[in-house]
1. Taking a cut-off of 18 Å between Cα atoms, list the aspartates and glutamates near K407, but don't count ones fewer than 8 places away on the same chain.
2. Trypsin sites (Lys or Arg not before Pro) within segment 111-178: which are DSSP loop residues with at most 14 other Cβ atoms inside 10 Å?
3. Quote the relative contact order of segment 262-341 in percent (integer), defining contacts as alpha-carbon pairs under 8 Å separated by 6+ residues.
4. Can you pull the percent of segment 40-210's accessible area that's carbon plus sulfur, 1.4 Å probe, other chains left in place?
5. Write down the accessible area per residue of segment 40-210 in Å², having rolled a 1.4 Å probe over the full set of protein chains.
6. Between D312 and D189, how high is the FRET efficiency from 1/(1 + (r/R0)^6) when r is the Cβ-Cβ distance and R₀ = 30 Å? Nearest 0.05.
7. Which whole-number percent is the relative contact order of the chain (Cα, under 8 Å, 6+ apart)?
8. Stick to Cα atoms and the Kirkwood definition of Rh, then tell me Rg/Rh for the chain.
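The values are calculated or read from the model by the stated rules, or taken from the named source; none is laboratory data. Every value quoted in this text rests on a predicted model; they were computed, and no experiment measured them. All Cβ positions, glycine included, derive from the backbone under ideal geometry; neighbour counts span all protein chains shown. The protein model used for the area step is the full one, side chains on, heavy atoms only, and it has no ligands, DNA or RNA in it. Shrake-Rupley method; radii C 1.70, N 1.55, O 1.52, S 1.80 Å.
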Amino acid sequence: MIEVGIDGLCRFDGFERGVASLSEAALSAAAAAPSAGAGWARLPGEYKTGAVKSAARKIMSESEALVVVGAGGSYVGARAAVEYIRSPEYNLLASGSPRIFFAGGDMSAEHVERIVSLLSGRDFSVSVVSKSGSTIEPLVAFRIFFSLLEAKYGSEGAARRLYVTTGMNTTLDAFASERGCARFYIPDDVGGRFCVLTAAGLLPAAVAGCDVDAIMSGAREEMAAGERTAALYAAVRQALYASGKKIEILGCFEPSMRYLGEWWKQLFGESEGKDGKGIFPATAMFTADLHSLGQYIQQGERILMETFITADRPRSSLRVPGRRLFDDGLDAVSALELHAINLEASAAVRDAHIEGGVPVIELGVPELSAESFGALVYFFESACVMSSALSGVDPYGQPGVESYKQKLRARLSGAASLRRGVSSRCR
Ligand code: PA5
């Protein structure tokens, strides 16, 4: 389902020499990659969606809002699914399905407070996702939102409205079991950023009205298609990296893909950025960012490569009005579909950037749908594992993230002085 286009890249150093053999190497490197975290690859074939769908039906029948509490991989894939399959304006447009608020991905008091105020007067449920059950940001948010649930529905009512997705035998799991809450598990061999196709991503998606079976069937279709296209993508990025392209910008031409980009950034950043190596993943929303980052991309330091994702068929057939308002130079696009212009824009940006020395890889999906979302998730996960293997790093685990966590825990262990500090600042 995912198409990879690399036309126009042969002018870049080392490209022709490297890609064909790297592509083969990617396939064998993936086969030899550590299996400890490789459970994501069997999810499309094995994960059963029945319990997720029935939990979603219950939430939809009794709640006007769902608060999804989680950080990193425990939240960003879910948000990517909702925005890609439904829309970035889902909460404004939602009718007949609950609004979805994401918390626990940051420590912003005003963000949490805003969600709290948006819940006022609304029936709500909470889905907390943490594989380790020990990440500070979601645990802080969880205290806040579980306390709200208890205040509104009492202890038993709160437990009935709480959905816990975690690893086996975490303290969060023990809490959920003690309270008799609905529980879902992230298998041991599926890492946070690889868990979109478990309840972590699928439950919020189902509550937002996405067809989770279609997500899984899109992933299965991509799995069945074999890994050649993902291997090609992995090989091209590594060939370009070897020639000095240290930063990859994922350029999306649909705002619905913004959080897919955020998930991609996390997937590749945490998997590849190790041992002093790794392509730095960044995202851009086009055409908007052509009017900000565009200048740097065209003429700044030549350390960039780009990957564009576009959808062939639009979900909207909106056209530019045919009526001329003034001499606006738009006669050529009068009455054209906006999507057709967007595709032309992506081709024009590709040509300009390649001319400016920035290689552009093109990824195409037939349309924005639950199926293509599942396919993209599987495609990127495969490519990420192959690309990491090619550069000789273990894609699983994120030991570097621990440093900040330890430092934060150490600072918070002096909480008594912190409380004094806060209150003196408040006086
Ligand atoms: O990919 C990962 O494993 C991480 O990004 C985690 O998803 C993130 O740190 C949150 O961890 P947890 O789910 O244990 O709360």
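1. D106, E137
2. Working: sites: R114, R122, K131, R143, K152, R160, R161; in loops: R122, K131, R161.
In loop regions of segment 111-178 (DSSP not H, G, I, E or B), the sparsely surrounded trypsin sites (Lys or Arg not before Pro) are R122.
3. The normalised contact order for segment 262-341 reaches 18 percent.
4. Numbers: 3380 of 6680 Å².
The C+S portion of the solvent-accessible surface of segment 40-210 is 51 percent.
5. Values: 6680 Å² over 171 residues.
Per residue, segment 40-210 has an accessible area of 39 Å².
6. Numbers: r = 35 Å, r/R0 = 1.17.
That gives a FRET efficiency of 0.30.
7. Details: 746 pairs, mean separation 105.5, N = 427.
That works out to 25 percent.
8. On the way: Rg = 22.7 Å, Rh = 22.9 Å.
Ratio value, two decimals: 0.99.
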